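Reading through the C-alpha cells given below for one structure.
Values in this text are rule-based calculations from the coordinates and carry no lab data. The model shown is predicted, which means the values in this text are computed figures rather than measured ones. Don't worry about glycine lacking a Cβ; one is built from the backbone with ideal geometry, like all the others, and counts go over all protein chains shown.
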C-alpha cells in the first residue's frame with residue numbers, strides 16, 4: 001500500500017499545481033499591447049533640450065503587476081556626466097540610435113554621493129574596475145539594477161532609447 005501512496009501523492013500534487021496554473025491563467029485579464037512608433041521616439045528625443053542631459057519617459061505601462069517604461073535619452077557631449085548606480089531592481093536596456101562612445105558597467109563607484117532629488121541613485125566621478133565597451137547605433141546593452149554604469153567618453157552627442165522593466169511596479173505610468 002505504501003508503494004502506491006507515494007506515486008499517488010505525487011500525481012495529486014502535480015494535478016493540483018496544474019489546476020492552480022490554469023485557473024490563474026483563465027482569470028488573468030488580457031492586457032492591450034502598447035505601440036511606440038519610431039516616429040514618436042524620434043520626435044520625442046529631437047524635442048529634448050539640446051544643452052542638458054535628458055532621460056525622460058515616452059511611455060510607461062502596467063503589464064500585469066510589473067511596469068515597463070520606454071525612455072528617450074539625449075546625452076550632449078559638452079555636458080559633464082557622472083557615473084551612476086540605481087539602487088533598485090529596475091533593469092535598463094539601452095538601444096543606441098545616434099552617436100557613439102565608451103560605456104563602462106560594473107565595478108565600483110569610489111566615494112559615491114546621492115543624486116540630488118533621488119532616493120535611489122548614487123553618483124561618482126568614475127567607475128573603478130568596470131568593463132568598458134564601445135557602443136554605436138544599433139547596439140544593445142542590458143544593465144541589471146544595482147549595476148554601476150557610465151559613459152566615460154563620447155564621440156559626439158548620444159541619442160538612445162532605454163527600456164526599463166520594473167518588477168516592483170514603481171515607475172510612474174505615462
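Between residue 174 and residue 108, what is the label-point separation in nm under the 7 Å Cα-to-beta-carbon projection?
Going by the 7 Å Cα→Cβ label model, 3.5 nm.
Counting every Cα pair in the range 38-166, what percent are over 26 Å apart? Can you show the working numbers first?
Working: 1385 of 8256 pairs.
Tail of the P(r) past 26 Å holds 17 percent of the pairs.
For 67, 146, what's the fewest-to-most ordering of other Cβ within 10 Å of each Cβ?
146, 67
Would you mind getting me the FRET efficiency between residue 43 and residue 87? Use the beta-carbon distance for r and R0 = 25 Å, nearest 0.05.
The computed FRET efficiency comes out at 0.15.
Only Cα pairs under 8 Å and at least 6 apart count here; give the relative contact order of the range 98-174 as a rounded whole percent.
That works out to 43 percent.
Between residue 35 and residue 79, with labels modelled 7 Å along Cα→Cβ, what's the label distance in nm to one decimal, could you check?
3.1
Ordered by packing density, taken as the mean number of other Cβ atoms within 10 Å over each peptide's residues, highest first, how do 158-164, 139-145, 83-89 rank?
158-164, 83-89, 139-145
For the range 118-171, what log10 I(q)/I(0) values come out of the Debye formula at q = 0.15, 0.17 1/Å, with one point per alpha carbon and no solvent?
-0.58, -0.75
Using only the Cα atoms of the range 33-77, build the gyration tensor, take square roots of its eigenvalues as a ≥ b ≥ c, and label the shape rounded, prolate or oblate: rounded if a/c is under 1.5, else prolate if a/b is larger than b/c, else oblate.
oblate
In percent, how large is the relative contact order of the range 38-166, given Cα pairs closer than 8 Å and 6 or more residues apart?
Averaging sequence separation for qualifying contacts and normalising by length gives 35 percent for the range 38-166.
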